[in-house]
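Asker: Have a look at this one.
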């Protein structure tokens, strides 16, 4: 499984955001590159484009967690109002 690092970035009044150099190198965006942005409602998810895309990344994570049914039943068990 992967670890998660949370960082804060400032967005300019023109909507621009700069990633630190070490982050750009790690994700091979140091020469520029495309990213995919998913608006999840209460959050934004930003991932490098390519590598199968965001849908592929999410599909793999769901499968690794045991599948959608397992995840949904876990959520329903932890919050009976959603079941």
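Asker: Please count how many residues of segment 24-44 are surrounded by 10 or more Cβ atoms within 10 Å (Cβ to Cβ) and not in a strand (DSSP E or B).
Answerer: Total satisfying the criteria: 7.
Asker: Give the residue that is modelled with the lowest pLDDT, with candidates limited to residues of segment 45-83 that are part of a loop (DSSP other than H, G, I, E, B) and closer than 21 Å to residue 23 by Cα.
Answerer: It comes out as 51.
Asker: Give the residue that is farthest from residue 71 (Cα to Cα), with candidates limited to residues of segment 1-18 that are in a loop (DSSP other than H, G, I, E, B) and touching a strand residue (DSSP E or B) at 6+ places or on another chain (Cβ under 9 Å).
Answerer: Going through the qualifying residues, I end up with 10.
Asker: Hey, can you tell me all the residues within segment 53-83 that are touching a helix residue (DSSP H, G or I) at 6+ places or on another chain (Cβ under 8 Å) and surrounded by 12 or more Cβ atoms within 10 Å (Cβ to Cβ)?
Answerer: 62, 65, 71, 76
The values are calculated or read from the model by the stated rules, or taken from the named source; none is laboratory data. Keep in mind that what you see is a predicted model, and the values were worked out from it rather than measured. All Cβ positions, glycine included, derive from the backbone under ideal geometry; neighbour counts span all protein chains shown.
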